[in-house]
1. Over the stretch A:280-431, what is the relative contact order in whole percent, taking alpha-carbon pairs under 8 Å and six or more residues apart?
2. May I ask for the accessible area buried between chains A and B, both sides summed, probe 1.4 Å, to the nearest 100 Å²?
3. With the full set of protein chains in place, find how many percent of the accessible area of the protein assembly as shown is carbon and sulfur; take the probe as 1.4 Å.
4. Among all the aspartates and glutamates, which ones have a C-alpha under 12 Å from A:K353's C-alpha, if same-chain residues fewer than 8 places away are not counted?
5. Can you give the percent of C-alpha pairs in the stretch A:150-233 whose distance is more than 20 Å?
6. Output the pairs from A:K252/B:K150; B:K15/B:K41; A:K52/A:K74; B:K77/B:K297; A:K307/A:K469; B:K186/B:K319 with a Cα-Cα distance over 29 Å in this structure; if there are none, say none.
7. Once both axes come from the Cα atoms, what is the angle between helix A:235-266 and the longest principal axis of chain A, in degrees from 0 to 90, rounded to 10?
8. On average, how much accessible surface per residue is there in the protein assembly as shown, in Å², for a 1.4 Å probe, leaving out ligands, DNA and RNA?
Amino acid sequence: MAVENVVMMNVVGNLTDVNKFAKDIFLFNDIQLVDAMGEIDSGRFTLPVDEKNLEGLLGLGSLVPGSNTQIQKKYEQMTKKLLGCYDGQLKYEPETIKNVDLDADTIVSDTETFLDKFDSETDEIEKIGEDLQSVDQSIEAYSYLKELKEPMQKLFDMQFFKVELGSLTKDNAQRLKNIYPSITSVILHVGDSPEGEEVFLVITEKDFEYETDRMLKALNFKLLPGFSKDFKGTPEQIIEDLTKKEKELESKKEKLQAELKVYRSSNEENANYLYNELSMLTTINIMEGYMAFSDKNFYFSGWIPVKKEDTIRTITDQFPDMIVLFKAATPDLKPPTKLKNNWLFRPFEELVKMYGVPNYKELDPTPFLSLTYMFCFGFMFGDVGQGLVLLLGGLLLERKGNQLGGIAARIAVSSIIFGFLYGSVFGNETLLHPIWLRPMEDTNTLLITAVIFGVGMLIVAYIYGVINKVHQHQIEQGYFGKNGISGFILYLTILVTALGAMKYIPLPGGLVTAGICIIVGLTLLIYLQAMATNAVEHKPLTKGITGEYYVSSFFECFEMYLSMLSNTLSFIRVGAFALTHAGMFMAFQTLAQLAGGGVAGVIIMIFANIFIIVLEGLIDCIQCLRLEFYELFGKYYEGDGRAFDPVTSEVRRLDAAL
Amino acid sequence: MAQNAALDTKVLALKAKTLTKNDYDKLIEADSLADAVRYLKDNTVYSKYLKDIDPEKAHRDQIEAALSKLTIDDTEKLLHYLKSSDKKLMSLITMQADIESLDILIRGLATGKDLKSLKDSLVYSKTYTKVNWNRLIEAEDWEQFKNDLKGTPYYRRLEVFDTIGPKEDLLQIEKSLERYYYDFLKKVLSDFSGKSEKKLVQALRESIDLENLIWIYRAKKFYHLKPATILSYSLLGGRYVTQEDLNRLAMITDEDELLEELKKFSQYSFLFEHEPEDRDLHMERRAERYQYYQFRKLLKEHGVTRALAYLRLLNYEMKDIISIIEGKRYELSPDEMAAYTIYNTKPEE
């Protein structure tokens, strides 16, 4: 059985141990968190009454749920800042802190110390950057006045005049020129700014200052920020001094940047630790959301695989006072389903999950699905060369962690095997001698074989269905239903009788008649399955049966016959697609010949192969899936379970949601 | 030409949806303001934009904003069909929308309103606007407002104003943005050297003339501004009115002399040849009607000329609807109302 058994673990531990316990559980990973508060409230989390459990029992009366979003946000902010310091280059490796005792206060204060130093250095660099900018602005401003050989102080000290330097857009400069005659200031055009504006030096008699300001404002005159009374020398001197200052600032900035770099690299290991510790604290906080707390204890619940009980013991044994109870899974607890398959079948779990995870009482359909899927695909898509291409692609994808790649690689192997059976390499049928047959030459054998294998698969599906239903004590469906034992025997009888009647198999005439009798009897039984169930359960025969039942049951029987026929014939498609596959090649080969062979022919055949691999490969995958989900799963599989969700994926989800 | 064919057809298709003479008659005959709005809502291309407006409680600003959205939508539609040099000309429409919305917010800020309450009055092209409006309406003071505009061309026009509030500054700010729009127009027009759009360029340069003449007339008569200020806000790049003309006009101090000088521009004398009250009241409407007929003619041209003409006409249509709605509020007779509309809505005798 490929569904792994799980067991509910309930833990009561000392409050002081919660961090370490949560961390170890997280690193153990193979556990699905359960809301402890809910378990306690529903009365499932119980402790045997003895002296050892006294404290834990007492605490049950006054519980509060865990998790603190405020703290979590703080941790996450710090984590983010820490990452920012290293441009996101820190590594998430929770294993590295496996043996570290996590003390939240120390971690937070260590991180703060690191960040404070980092911030103060970056602030200083930023400040120098601002200084540099204002120096640049002043250099720009005074470079417009280079031709002035007098010290600026003389201009600024004029008692009756005010001096301003600013810029105007070209259009407004044009307007300024239009109104020169009515202006009472001296206005000199001293150059053009890098933004494409015209720069003017304006000298105004202070009595007319108000008028001039209004007029300049109307023209959107923008004062140059670097033009300041603080500079007193000639513009040339000022620029010289400023350039010197600029160099000083730049070298200071470079020095600080180098220091910061050293600080960063020398602290990288430490920062990486802090980063992992903070991430772990966030994780623990999320996990605490699932726990309950009393004054002295924490309460934890989770599902673990039965096989891992011992491993868990080694974790919990580290904590002397910890009470650990295991409780077997019962259907009413709706335990999660953990699939466990070998390397060959594992990728196909994805396909099963697409339909639904088996419930706890169901057989895992993965092995059967895997085998039949590989078989059907290979049957339809038998080609050595194309199989190899698919295999390579699949292996590459699988290496990148894509489960579909695993499926592709496996069905590709089947395709290669059938390629040898059909003697086909990249559609070429001359290179290899077919071990079995050439699809186009022996159509009937191909189609009949497909149906025979289909019947085989249906029989296995019936068996699976019967086991599942009997296992779940579904008497009506399991024994008398169309997919139960009755349905199964009916299907077999119809097959044998029909083949016998048509003389495909030697069957004495009497047995045919007997077969027909069995068929009628079983049909009647299925028609009245509710009554049969009542009889078995010693209830009144017509209990829960209304007039409607007879009508709907009649149509169900009718539908059962139809689907037996259609399900069986449906497998013809496996053979039919094998024909399509060969047929498509023939079409492309004809095209290649029409093109006169040679280079054009080769190009057409290359295109044909790509086209067939992509398009037909996809269609065949879908057709196989249809057979699995509709023809087969419909007979035996519910898939209404819920998947086992290990703690890491749960934490990742909640972390992202915050 | 093939490219124009698609654009030309699209413009005609859009034009076909605008108001007809019959629609104007119905609007003017409507018993009340609410009826007029209801008519627009039930029978015209504007219904989509008015669907959330209750005719009984309709407010002028609200209706104006709703109607303007059609212009923006149509501009965006037509922009798809244009080559990039023509797009620039059409971007004037989206720039105008930006500036009008900025004016609304600046006025709101000056009168101490919460800018968020003005959100519904803002009309702009979501695709072509240069402003982050959602951030802008969060601004709480003038400094923050200006800062939010950094990176847009509007910032340069506003940064020299340190404060907002006094009426005078507000006029300066609005004029400053308007002047930027016309400077941009002048630049776009000077880039249009081809012959095909010659008529469009001429019409738009005449719009500059009209703005200038009306500005000088009003600045002298109502604001009593100094020549330098008048010239600071006068526009460059007109068709018939030269810079020398403007300089000369700005220097005239006597009102009668100014009027005589203005009348000498024979193309535009229709603005000034009326009794004073009539002249002042209808000056803008007369200028618009003059241009209305120009753009009606341009609608028969092709390409961007036709597209821009259509959008201008749409703008006049919107103004007329607002005039009629205002007329309803003041219960004007159809004859009186006709005096305020650009489109000739005068009832036939």
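1. Values: 162 pairs, mean separation 26.3, N = 152.
So the answer I get is 17 percent.
2. Working: alone 34440 and 17560 Å², together 50150 Å².
In total, chains A and B hide about 1800 Å² from solvent.
3. Details: 28260 of 50150 Å².
Summing carbon and sulfur atoms, their accessible area is 56 percent of the total for the protein assembly as shown.
4. Within the straight-line limit of under 12 Å, A:K353 reaches these aspartates and glutamates: A:D364, A:E638, A:D640.
5. Details: 1077 of 3486 pairs.
The calculated P(r) of the stretch A:150-233 puts 31 percent of pairs beyond 20 Å.
6. With Cα atoms farther than 29 Å apart: A:K252/B:K150; A:K52/A:K74.
7. Taking Cα atoms only, the helix is inclined about 30 degrees.
8. Details: 50150 Å² over 1007 residues.
That works out to 50 Å² for each residue.
The values are calculated or read from the model by the stated rules, or taken from the named source; none is laboratory data. Since this is a predicted model, take the numbers as computed values, not measurements. Because the Cβ atoms are built from the backbone with ideal geometry, glycine has one as well, and the counts that use them run over all protein chains shown. Accessible surface areas use protein heavy atoms only, side chains included; no ligands, DNA or RNA. Shrake-Rupley method; radii C 1.70, N 1.55, O 1.52, S 1.80 Å.
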